[in-house]
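Colleague: To start, I am sharing the structure in question, which I have written as structure tokens.
The values are calculated or read from the model by the stated rules, or taken from the named source; none is laboratory data. All values derive from a computational prediction rather than experimental measurement. Glycine gets a Cβ as well: all are built from the backbone with ideal geometry, and neighbour counts include every protein chain shown.
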Amino acid sequence: MSKKVLVLGEVREGVIRNVSYESIAAAKQIADGGEIVGLLLGDSVSSLAPNLIAYGADRVVTVEHPHLKSYTSDGYSQAILAVYEKEKPEAIVIGHTSLGKDLSPKISSRLKSGLVSDVTEIEGSGDSALFIRPIYSGKAFEKVKVKEGIVFITIRPNNIAPLEKDASRSGSVESPAVEITNLRTIIKEVIRKTTEGVDLSEAKVVVAGGRGVKSEEGFEPLKELANLLGGAVGASRGACDADYCDYSLQIGQTGKVVTPDLYIAAGISGAIQHLAGMSNSKVIVAINKDPEANIFKVADYGIVGDLFEVIPLMIEEIKALKVGS
């Protein structure tokens with residue numbers, strides 16, 4: 001049976017995050033010929049609606065309100081629940097991002113629905129859809145089927161490919177008035193600690209450093225390599241604890257979970273907590289002086305050597321390839 005699916009489009013600094021388009025692709029499988037309704041929240045987001053339509057949404061609902069300028073779980077949940085009551089979708093798809101992980105349990109609780117979180121793959125479509133998600137820190141995967149009620153899932157970024165963009169697609173855009181009241185949290189100011197660049201959770205290439213980087217300055221070659229590859233810099237818990245970098249870069253069980261096309265681990269031993277956050281990367285390259293380091297057990301390519309010698313050589317080779325091309 002076909003379904004109407006509501007998809008939350010995440011907006012950051014006036015740009016729709018790529019996981020939103022991946023969510024539409026996931027919604028297409030769930031809908032099985034049904035309607036895809038995109039949802040954008042913010043203080044000025046209507047102009048972004050055609051992007052969701054170009055990537056597969058049939059129509060878009062935008063909710064604009066001053067209280068939605070910055071994310072709060074109260075404000076966003078009020079807006080989503082108001083749209084849900086009007087649309088009555090059979091399914092909801094949200095990205096498994098920091099926003100999605102905070103927001104989805106609250107919404108599912110209000111709707112008294114189940115929640116299948118951190119989906120990395122969908123088998124089948126419609127009522128037969130099976131949702132695959134990692135368990136036990138990525139050591140195993142389970143297949144989940146929703147037998148009754150709302151299908152509510154969050155999808156992990158970089159796992160479900162978005163549909164091809166089609167700028168010729170058309171669809172309606174609606175902007176209903178939604179009242180946002182009684183907020184328990186008001187955002188006065190947002191101060192970003194992370195540097196400008198590719199978002200870590202959505203990066204196709206991640207260059208991560210561990211305790212072997214030895215200092216804050218030791219991360220500079222990693223940043224240069226990441227910039228050359230169009231990627232982002234990450235870190236292990238050990239590097240963050242040692243004040244080599246900010247905790248916003250932490251990858252692992254208690255940090256961010258990433259699944260890039262290429263993951264370069266420099267000076268990271270490979271503790272199980274770190275592996276939980278990156279072991280599903282498509283290609284893993286490990287650089288470590290210790291040939292017995294645990295990271296080599298999950299690596300596709302291993303380099304036994306000093307990262308301060310290996311990384312500069314990689315940078316040199318990549319620059320030479322770029323000049324040659």
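Rundown of residues vs (1) among the hydroxyl-bearing types (Ser, Thr, Tyr); (2) in contact (Cβ under 8 Å) with a residue 24 or more places away in the chain; (3) in contact with a helix residue (DSSP H, G or I) (Cβ under 6 Å, 6 or more places away or on another chain); (4) surrounded by fewer than 23 Cβ atoms within 10 Å (Cβ to Cβ), yes/no style:
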position	(1), (2), (3), (4)
255	no, no, no, yes
265	no, yes, yes, no
285	no, no, no, yes
294	no, yes, no, yes
301	yes, no, no, yes
311	no, yes, yes, no
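Colleague: Just to verify a result, which residue in the stretch 93-145, among those that are aliphatic (A, V, I, L, M) and more than 20 Å from the chain's Cα centre (by Cα), is surrounded by the fewest Cβ atoms within 10 Å (Cβ to Cβ)?
Modeller: Within the stretch 93-145, the first condition is being aliphatic (A, V, I, L, M), and the residues that meet it are 93-94, 99, 103, 107, 111, 115-116, 119, 122, 129-130, 132, 135, 140, 144.
Checking the rest, the ones that are also more than 20 Å from the chain's Cα centre (by Cα) come to 111, 129-130, 140, 144.
Numbers: 111: 16, 129: 23, 130: 15, 140: 8, 144: 14.
Selected residue: 140.
Colleague: Any residue in the stretch 245-268 that is assigned to a helix (DSSP H, G or I) and either of a type in the set (Val, Ile, Thr) or more than 23 Å from the chain's Cα centre (by Cα) (or both)? Step through it out loud before you land on a result.
Modeller: Applying the first criterion (assigned to a helix (DSSP H, G or I)) to the stretch 245-268 yields 247-249.
Subsequent filtering for residues that are either of a type in the set (Val, Ile, Thr) or more than 23 Å from the chain's Cα centre (by Cα) (or both) retains none.
There is no residue in the stretch 245-268 that is assigned to a helix (DSSP H, G or I) and either of a type in the set (Val, Ile, Thr) or more than 23 Å from the chain's Cα centre (by Cα) (or both).
Colleague: Further, regarding this structure: What are the residues in the stretch 40-79 that are over 22 Å from residue 29 (Cα atoms), in a helix (DSSP H, G or I) and touching a strand residue (DSSP E or B) at 6+ places or on another chain (Cβ under 7 Å), if any?
Modeller: Of the residues in the stretch 40-79, the ones over 22 Å from residue 29 (Cα atoms) are 41-48, 62-79.
Checking which are in a helix (DSSP H, G or I) leaves us with 46-48, 66-68, 73-79.
Passing the criteria: 46, 48, 68, 76, 79.
Colleague: Return yes when residue 300 is within 25 Å of residue 141 (Cα to Cα), among the charged types (D, E, K, R) and modelled with pLDDT of 95 or more and no when it is not. Give the derivation first.
Modeller: Working: within 25 Å of residue 141 (Cα to Cα): yes; among the charged types (D, E, K, R): yes; modelled with pLDDT of 95 or more: yes.
When the stated conditions are applied, residue 300 passes them.
Colleague: I'd like to verify a number: residues in the stretch 112-143 that are free of Cβ contacts under 8 Å to residues at least 60 places away in the same chain, touching a helix residue (DSSP H, G or I) at 6+ places or on another chain (Cβ under 7 Å) and not small (Gly, Ala, Ser), how many?
Modeller: 1
Colleague: So, residue 72, is that one under 20 Å from the mean Cα position of the chain (by Cα) and either surrounded by fewer than 20 Cβ atoms within 10 Å (Cβ to Cβ) or without any contact (Cβ under 8 Å) to a residue 12 or more places away in the chain (or both) or not?
Modeller: On the way: under 20 Å from the mean Cα position of the chain (by Cα): yes; either surrounded by fewer than 20 Cβ atoms within 10 Å (Cβ to Cβ) or without any contact (Cβ under 8 Å) to a residue 12 or more places away in the chain (or both): yes.
Considered against the rule, which asks whether it is under 20 Å from the mean Cα position of the chain (by Cα) and either surrounded by fewer than 20 Cβ atoms within 10 Å (Cβ to Cβ) or without any contact (Cβ under 8 Å) to a residue 12 or more places away in the chain (or both), residue 72 comes out as yes.
Colleague: Quick one: residue 224 ticks every box in (1) under 21 Å from residue 321 (Cβ atoms); (2) in a loop (DSSP other than H, G, I, E, B); (3) at pLDDT 95 or above bar one, so which box is it?
Modeller: Result: residue 224 passes all but (2).
Colleague: Does residue 315 meet the test of being surrounded by 22 or more Cβ atoms within 10 Å (Cβ to Cβ), not assigned by TED's automatic domain parsing to the domain that holds residue 158 and not small (Gly, Ala, Ser)?
Modeller: Details: surrounded by 22 or more Cβ atoms within 10 Å (Cβ to Cβ): no; not assigned by TED's automatic domain parsing to the domain that holds residue 158: yes; not small (Gly, Ala, Ser): yes.
Judged against the criteria, residue 315 is not a match.
Colleague: Hey, can you tell me all the residues within the stretch 43-68 that are modelled with pLDDT under 95 and touching a helix residue (DSSP H, G or I) at 6+ places or on another chain (Cβ under 9 Å)?
Modeller: 43, 65, 67, 68
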